[in-house]
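Computed from the coordinates by the stated procedures, all read-outs in this text should not be read as laboratory data. Predicted, not measured: the structure shown is a model, and the values here were computed from it. Positions of Cβ are generated from backbone atoms using ideal geometry, with glycine treated the same way; all protein chains shown enter the neighbour counts.
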Amino acid sequence: MSTAKQRKGNQNRSLDLTECDRDRLRTRLKSINLLTPDLRDETIQADCFAIVSLLPERFVDLLILDPPYNLTKNFNGFKFERRTVESYTEWLNAAIVEFKPLLKPTASIYICGDWLSSASIFTVASTHFIVRNRITWEREKGRGAKTNWKNSSEDIWFCTVSNEYTFNVEAVKQRRRVIAPYRTQDGTPKDWQVTEQGKFRDTHPSNFWSDITIPFWSMPENTAHPTQKSEKSIAKLILASSNPGDLVFDPFLGSGTTSVVAKKLGRHYLGIEQNEEYCLLTERRLELAETDPKIQGFSDGVFWERNTLAIQQKLQ
Ligand SMILES: C[S@@+](CC[C@H](N)C(=O)[O-])C[C@H]1O[C@@H](n2cnc3c(N)ncnc32)[C@H](O)[C@@H]1O
């Protein structure tokens, strides 16, 4: 084995399930015939379209939709095929029509996509909701292309049902290193603080996120899911657009990031995922969250720039 591979082997912190984990966690999954009206803090293994009509109306405070993008992708045996923009728009519209009755009038909705899916997302979202913004986040990982620009960004569309909605801006401030440390005439720092770790400013969050790291093998949140979102990105959505005790719903749950982050931040959650293995990964992550509620990149009540883990650890 090469030294690089050995090093990776030693430092690999990705989450794997044993057969013993699978047997234990399988008993926790909810199936269609076990749904009750007061459903919360559960993972439902099902096709979300098949069960959505069984869920109560107006129970969701925050809907996070991270559907398959308009790409051909194999989700552990469940294949999603790339289709025309018109056909993807129709598919997404059918999903939103199903989920809309579950939303409270004060609910917020976030919809994830890449540049191509975004064309459909805006069309559909603006038919049903008030579209408030499009967040673009820089995606460091990605294959270079020979005849095109490399894809290194994704979007998250921010929508609300009405003009009455939650937005906790103070909860999602970004801590940045100060490059130009201006001082006022009497010499005091202007809008920044000097700490033992350096000079920092806590800034208002913008709709461009350059601080997101896609989960990879040295991060404990990493699983085998092919399109897992980082806990940090979902934490921003949940902190900004819900309050403790609210219910966060994700019908395309994948490896469970939304539920796990909701739990870590004191929100209720409900997630649906068609694939048993991903549901089991979710349950294992929920179990681990009980003893380790940390979210990488979020500490001291602020979101940190990339590559500041060593500084954050000194603060803990
Ligand atoms: C983009 S991934 C979500 C990733 C997730 N945000 C995470 O952090 O792991 C979309 C997920 O939706 C699931 N999915 C696709 N169609 C579904 C359906 N009809 N019902 C339930 N789950 C579905 C796929 O299996 C896949 O895991």
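Going 7 Å from the Cα of Lys141 in the Cα-to-Cβ direction, what parts of the stretch 71-93 have a backbone nitrogen less than 16 Å from that spot?
Residues passing the 16 Å test: 73-76.
Starting with the fewest neighbours, write out Arg175, Arg24 ranked by other beta-carbon atoms found within 10 Å of each beta-carbon.
Ordered by Cβ neighbours within 10 Å, fewest first: Arg24, Arg175.
With a cut-off of 8 Å between alpha carbons and a minimum separation of six or more residues, what is the relative contact order of the stretch 27-142 in percent?
Result for the stretch 27-142 is 27 percent.
Which parts of the stretch 68-110 would a label at Thr123 reach, counting a residue when its backbone N lies under 11 Å from a point 7 Å out along Cα-to-Cβ?
Residues passing the 11 Å test: 84-93.
Write down, largest first, the equivalent ellipsoid semi-axes of the stretch 14-104 in whole Å, where each equals the square root of 5 times an eigenvalue of the alpha-carbon gyration tensor.
25, 22, 11
Can you give the % of DSSP beta bridges in the chain that are antiparallel, to the nearest 5?
Taking every DSSP beta bridge with both residues in the chain, the antiparallel ones total about 60 percent.
What translational D, rounded to a whole number of µm²/s, comes out for the stretch 258-316 from Stokes-Einstein when the hydrodynamic radius is the Kirkwood one over Cα pairs, at 4 °C and 1.567 mPa s?
99 µm²/s
Peptides 203-211, 278-286, 117-125: what's the order by average Cβ count within 10 Å, highest mean first?
278-286, 117-125, 203-211
Enter the Cα centre distance for the pair the stretch 210-242 and the stretch 62-98, rounded to the nearest angstrom.
20 Å
For the chain, report the translational diffusion coefficient in µm²/s to the nearest whole number, using Stokes-Einstein at 25 °C, 0.890 mPa s, and a Kirkwood Rh over Cα pairs.
118 µm²/s
Which of the residue pairs Lys79/Lys263; Lys173/Lys294; Lys100/Lys294; Lys173/Lys229; Lys199/Lys232 have a Cα-Cα distance greater than 26 Å in the structure shown?
Lys79/Lys263; Lys100/Lys294
In nanometres, what is the gap between the two model label sites at Glu305 and Thr166, each 7 Å from Cα along Cα-to-Cβ?
So the two model labels end up 3.1 nm from each other.
Using a Förster distance of 25 angstrom, determine the FRET efficiency expected from the C-beta separation of Phe216 and Asn133, and round it to 0.05.
Computed FRET efficiency for Phe216 and Asn133: 0.35.
At a temperature of 20 °C and a viscosity of 1.002 mPa s, determine how fast the stretch 211-275 diffuses translationally according to Stokes-Einstein, using the Kirkwood radius over alpha-carbon pairs as Rh; express D in µm²/s, rounded to the nearest whole number.
177 µm²/s
If the chain between Thr106 and Tyr182 were fully stretched, how many nm would it gain, using 0.36 nm times the residue separation less the Cα-Cα distance?
23.3 nm
Output the peptides 44-51, 84-91 sorted from most to least packed, where packing is the average of other Cβ atoms within 10 Å over each peptide's residues.
My ranking of the peptides, most packed first, is 44-51, 84-91.
Could you work out [θ]222 nm for the chain from helices alone, using -39500 (n - 2.57) per DSSP H run of at least four and dividing by all its residues? Round to the nearest 500 deg cm²/dmol.
That calculation yields -8500 deg cm²/dmol at 222 nm.
From the P(r) of the stretch 112-221, can you give the percent of Cα pairs sitting at distances over 26 Å?
43 percent
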